[in-house]
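The values are calculated or read from the model by the stated rules, or taken from the named source; none is laboratory data. These figures come from a predicted structure and were not determined experimentally. Note: ideal-geometry Cβ built from the backbone for every residue, glycine included; neighbour counts use all protein chains shown. Ligands, DNA and RNA are excluded from the accessible area calculation, which covers all protein heavy atoms including side chains. Shrake-Rupley method; radii C 1.70, N 1.55, O 1.52, S 1.80 Å.
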Amino acid sequence: TVIYAVERLAQRVATEKVVVSCVPTSFQARQLLVQNQLTLTDLDVTPNLDVCIDGADEVDSNLDLIKGGGGCLLQEKIVASCARKLIIIADYTKNSSQLGEQYKKGIPIEVAPMAYFPIKTRLEAKYQGQFMLRMAVNKAGPVVTDNGNFILDWTNFDQTLEWKNVNQELALIPGVVETGLFIQMAQEAYFGMPNGSVKVQKRSAANSLPFFSSV
């Protein structure tokens, strides 16, 4: 979905002379920005960002997210944490009341390669569900992230878990690099609906609860 956002941004830069500098979250995102002739920067040069625009694998009613289906969760979360506002764009199939309601590929957990099996064993003993090492499609062996790590995908989990607490618990395990749980990070989400309309979900600054509208 972000492809369309980049193309639209490139149009505005060309026609309206909008001045932007972009920090990619993956090799693929960098190539997309280069193809559209947008100015690249990085967090060394621009550590404070105005806005982060990204997709999501699933968005729940609290605007909590599952991300990392493409394997770039660590870089995506770092960039999002440096932005004043995280905006999610997705189609309606990514909009759920609870995480795991529609997205069945699991919550990605990026782990150091030497620790993946002890972590897998530990998490299976603590939580419900399965923790599967993500395997590559066009090569033998596991998927290796841009940061040289492996990914465990947590499937068939209890959808009623308190995700803020779970995310904190996972982060404390030695060898866990990052999780695909983006908790209380997004301020707005825009969902393309089947009829061409856009459903807007925003987090209220007053009470941290999202509210909904459609355009």
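Observations
- Out of Ala90, Ala80, one residue alone is among the hydrophobic types (A, V, I, L, M, F, W, C), open to solvent by less than 20 Å² (accessible area, probe 1.4 Å) and part of a strand (DSSP E or B). It is Ala90.
- Where a residue in the range 1-13 is modelled with pLDDT under 85 and its partner, wherever it lies, is surrounded by fewer than 16 Cβ atoms within 10 Å (Cβ to Cβ), with Cβ under 7 Å and at least six apart: Thr1/Asp91
- Condition check for Asp42: out of contact with any helix residue (DSSP H, G or I) (no Cβ under 6 Å at 6 or more places or on another chain) and without any contact (Cβ under 8 Å) to a residue 24 or more places away in the chain: yes
- Matching residues, the range 146-180, being open to solvent by 30 Å² or more (accessible area, probe 1.4 Å) and part of a loop (DSSP other than H, G, I, E, B): Asp146, Asn147, Gly148, Asn156, Asp158, Gln159, Thr160, Leu161, Glu162, Leu172, Pro174
This table checks each residue for (1) open to solvent by 90 Å² or more (accessible area, probe 1.4 Å); (2) in a loop (DSSP other than H, G, I, E, B).
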| residue | (1), (2) |
| --- | --- |
| Lys105 | yes, yes |
| Ile109 | no, no |
| Glu124 | no, no |
| Gln128 | yes, yes |
| Phe131 | no, no |
| Val144 | no, yes |
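- Just one residue in the set Ala140, Ala115 is small (Gly, Ala, Ser), free of Cβ contacts under 8 Å to residues at least 12 places away in the same chain and either over 30 Å from Tyr190 (Cβ atoms) or not in a loop (DSSP other than H, G, I, E, B) (or both); that residue is Ala140.
- Residue selected from the range 181-201 under the condition among the β-branched types (Val, Ile, Thr) and closer than 28 Å to Val166 by Cβ, by the criterion surrounded by the most Cβ atoms within 10 Å (Cβ to Cβ): Ile183
- Taking the criterion of being open to solvent by less than 70 Å² (accessible area, probe 1.4 Å), more than 21 Å from Gln187 (Cα to Cα) and not in a loop (DSSP other than H, G, I, E, B), the only residue of the range 35-52 that qualifies is Leu40.
- Qualifying residue in the range 24-33 (condition: over 23 Å from Asp91 (Cα atoms) and surrounded by 15 or more Cβ atoms within 10 Å (Cβ to Cβ)): no
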